[in-house]
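Novice: Pasting a structure here, questions to come.
The values are calculated or read from the model by the stated rules, or taken from the named source; none is laboratory data. Bear in mind the structure is a predicted one, so any value in this text is a computation, not a measurement. All Cβ positions, glycine included, derive from the backbone under ideal geometry; neighbour counts span all protein chains shown.
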Ligand code: NAD
Ligand code: MN
């Protein structure tokens, strides 16, 4: 993009560290096995459309095998193991993740399209951090505030999306195992590879067979898993649409359910905020991971008297972002994860223009192959516009203005979602007041998209229910007597 003062030499991270197989089976009972009906699909690199590997599509019978393997491991081994021993396995996994961090980062960037800078510095370190954190809880559950002897639930069926493939796996598997459950996890169909590498890490850690099972496939495989009668706990992260289907199909069952769904977060900038820092926070909020972030700050609410300077600083900053090869260490904006997602982003952005908002992107050359979308800013957006209401899940920012804190709150909360929000101001009292008013699971103050394993994460309203992370995240995997929905 613009930055004409000097050019960067290519600095690609090597793929040589990867030992990618041409095809992968399902990970059931501690081994890679073929599916019963032999169906497969391919996963590609969204940056080049190169086929990376052939992956097995699990059918209902395969899901059943995986759930049975998890049940056996739960009853015979994992629920009987001393909590301290469970913790040791989790520490071992965390250390292997650290040891193999580079390999995991390269594979994540290849399969997902996200910049290596992010997978290397954010995703994979957080994966290790979540395993370390929950390893520590394994033998301290009686002190977690859920009674003197909290029990595991049994077999957890977990379905995750493609935006943070290995991190979402960690958010799901680490607390489940720490609490004494066993799991069957289904990664997203466009990003199955790091979950399969994680299966190898489970083998390397000598994790007892069946404690972790990985079944690959698309929506049908996910449906078979969440509807399986042998599953005691369902944990889902993905679209609100599928989340609603899962809520319906599990209603009336004994399954404990947590759903982490979409978002349309407001990033709120007051006139006393340090503008340069706020601009960095806006960029991080919506252009991190190509905006494929459920808690992305996709609605910028900026106080009217500083709107011009904030938007012009933002545009200047976007001109310095580098879009391209996800494996290049200088890349800021990688590839859109799939052709389908690109089509969705294009469609909603076109609607934004048709409805009268003003569209802007920095001058930016898109590669010929693969799926790409330039960082995009819409100004002149009103609350009625679809781009202000619907989750785009791409690098597209809608800018709205406000005059008073009360108006900012009203606009921020005017959404069916409630996952996150950001507040930028010098005034501590205003931050506390805003945090109290905002109907969002996470409120960041003078920062955005900051994650920590000790901090709970989850939604209000159509962003779902239940919390992941922190002490709160244990509750989803324990029989606490409260099987209902929190929040
Ligand atoms: P999705 O909800 O269809 O997929 C998420 C996961 O659910 C995948 O593993 C998928 O295979 C699985 N799945 C699909 N149908 C299922 C079913 N009936 N039962 C069980 N599992 C099922 O999401 P998507 O199609 O990849 O993306 C669509 C939109 O969802 C995006 O544009 C974005 O707005 C939103 N999204 C949100 C998140 C998030 O983190 N909250 C993540 C991904 C996508
Ligand atoms: Mn892929």
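Here's the yes/no breakdown for (1) closer than 19 Å to residue 179 by Cβ; (2) outside the structural domain of residue 42 (by TED's automatic domain parsing):
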residue: 231; (1), (2): yes, no
residue: 238; (1), (2): no, no
residue: 241; (1), (2): no, no
residue: 257; (1), (2): yes, no
residue: 276; (1), (2): no, yes
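Novice: Please verify whether segment 97-114 includes one or more residues that are buried (at least 20 other Cβ atoms within 10 Å of the Cβ), touching a residue at least 60 places away in the same chain (Cβ under 8 Å) and in contact with a strand residue (DSSP E or B) (Cβ under 7 Å, 6 or more places away or on another chain).
Specialist: yes
Novice: Return yes or no: is residue 456 in contact (Cβ under 8 Å) with a residue 24 or more places away in the chain and more than 16 Å from ligand 2 (Cβ to nearest atom)?
Specialist: Numbers: in contact (Cβ under 8 Å) with a residue 24 or more places away in the chain: no; more than 16 Å from ligand 2 (Cβ to nearest atom): yes.
It is false that residue 456 is in contact (Cβ under 8 Å) with a residue 24 or more places away in the chain and more than 16 Å from ligand 2 (Cβ to nearest atom).
Novice: Here is a follow-up. Mind counting the residues in segment 293-326 that are closer than 19 Å to residue 106 by Cβ and either at pLDDT below 95 or surrounded by fewer than 24 Cβ atoms within 10 Å (Cβ to Cβ) (or both)?
Specialist: Selection size over segment 293-326: 3.
Novice: Would you pick out the residues in segment 420-437 that are crowded, with 17+ Cβ neighbours inside 10 Å and in contact with a strand residue (DSSP E or B) (Cβ under 7 Å, 6 or more places away or on another chain)?
Specialist: Residues satisfying the conditions are 420, 421, 422, 423, 424, 431, 434.
Novice: Would segment 180-196 turn up any residue that is assigned to a helix (DSSP H, G or I), under 30 Å from residue 47 (Cβ atoms) and more than 17 Å from the chain's Cα centre (by Cα)?
Specialist: Quick first cut of segment 180-196, residues assigned to a helix (DSSP H, G or I) only: 193-196.
Narrowing further to those that are under 30 Å from residue 47 (Cβ atoms): 193-196.
From what is left, the residues that are more than 17 Å from the chain's Cα centre (by Cα) are 196.
Yes: one or more hits.
Novice: Would you be able to tell me the number of residues in segment 283-310 that are on the phi < 0 side of the Ramachandran plot, part of a helix (DSSP H, G or I) and either within 14 Å of ligand 1 (Cβ to nearest atom) or not assigned by TED's automatic domain parsing to the domain that holds residue 397 (or both)? Don't jump to the end; show me each part of the working.
Specialist: Within segment 283-310, the first condition is being on the phi < 0 side of the Ramachandran plot, and the residues that meet it are 283-288, 292-310.
Still in the running and part of a helix (DSSP H, G or I): 283-288, 304-310.
If we keep only those that are either within 14 Å of ligand 1 (Cβ to nearest atom) or not assigned by TED's automatic domain parsing to the domain that holds residue 397 (or both) as well, we get 286, 288.
Of the residues in segment 283-310, 2 are on the phi < 0 side of the Ramachandran plot, part of a helix (DSSP H, G or I) and either within 14 Å of ligand 1 (Cβ to nearest atom) or not assigned by TED's automatic domain parsing to the domain that holds residue 397 (or both).
Novice: When only residues in segment 212-268 that are in a loop (DSSP other than H, G, I, E, B) and within 21 Å of residue 457 (Cβ to Cβ) count, which is nearest to ligand 2 (Cβ to nearest atom)?
Specialist: The qualifying residue nearest to ligand 2 (Cβ to nearest atom) is 238.
Novice: Considering segment 276-295 alone, what residues qualify as being more than 16 Å from ligand 2 (Cβ to nearest atom) and touching a strand residue (DSSP E or B) at 6+ places or on another chain (Cβ under 8 Å)?
Specialist: First, pick out the residues of segment 276-295 that are more than 16 Å from ligand 2 (Cβ to nearest atom): 276-288, 291, 293-295.
Within segment 276-295, 277, 278, 281, 282, 285, 286, 287, 291, 294, 295 meet the criteria.
Novice: Inspect all residues belonging to segment 203-215 and state whether any of them is under 20 Å from the mean Cα position of the chain (by Cα), surrounded by fewer than 24 Cβ atoms within 10 Å (Cβ to Cβ) and at pLDDT 95 or above.
Specialist: no
Novice: Within the bounds of segment 139-160, is there any residue that is under 17 Å from the mean Cα position of the chain (by Cα), more than 26 Å from residue 38 (Cβ to Cβ) and either outside the structural domain of residue 469 (by TED's automatic domain parsing) or within 16 Å of ligand 2 (Cβ to nearest atom) (or both)?
Specialist: no
Yes/no matrix, rows are residues, columns are (1) in the same structural domain as residue 369 (by TED's automatic domain parsing); (2) more than 21 Å from residue 233 (Cα to Cα); (3) within 26 Å of the chain's Cα centre (by Cα):
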site	(1), (2), (3)
12	no, yes, yes
40	no, yes, yes
49	no, yes, yes
63	no, no, yes
76	no, no, no
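Novice: Additional query: Kindly indicate the residue of segment 14-29 that is in a loop (DSSP other than H, G, I, E, B) and under 26 Å from the mean Cα position of the chain (by Cα) and also surrounded by the most Cβ atoms within 10 Å (Cβ to Cβ) among those meeting that condition.
Specialist: Going residue by residue through segment 14-29, those that are in a loop (DSSP other than H, G, I, E, B) are 14-22, 25, 29.
This time we only want the ones that are under 26 Å from the mean Cα position of the chain (by Cα), so: 14-15, 17-21, 25.
On the way: 14: 9, 15: 13, 17: 13, 18: 16, 19: 9, 20: 16, 21: 15, 25: 20.
The selected residue is 25.
Novice: Still on this model: Does segment 242-256 hold any residues that are surrounded by 14 or more Cβ atoms within 10 Å (Cβ to Cβ) and more than 12 Å from ligand 1 (Cβ to nearest atom), and which are they?
Specialist: 253, 255, 256
Novice: Tally the residues that are within 16 Å of ligand 1 (Cβ to nearest atom) and in a loop (DSSP other than H, G, I, E, B), restricting the search to segment 335-363.
Specialist: Adding up the residues that qualify gives 4.
Novice: Among the residues of segment 407-450, write down those that are in a strand (DSSP E or B) and in contact with a helix residue (DSSP H, G or I) (Cβ under 9 Å, 6 or more places away or on another chain).
Specialist: Across segment 407-450, the qualifying residues are 420, 421, 422, 423, 424, 443, 444, 445.
Novice: Name every residue in segment 40-52 that is more than 9 Å from ligand 2 (Cβ to nearest atom), touching a residue at least 40 places away in the same chain (Cβ under 8 Å) and assigned to a strand (DSSP E or B), in order of residue number.
Specialist: Answer for segment 40-52, where residues must be more than 9 Å from ligand 2 (Cβ to nearest atom), touching a residue at least 40 places away in the same chain (Cβ under 8 Å) and assigned to a strand (DSSP E or B): just 41.
Novice: Mind counting the residues in segment 144-178 that are closer than 30 Å to residue 116 by Cβ and either assigned to a strand (DSSP E or B) or within 10 Å of ligand 1 (Cβ to nearest atom) (or both)?
Specialist: Adding up the residues that qualify gives 9.
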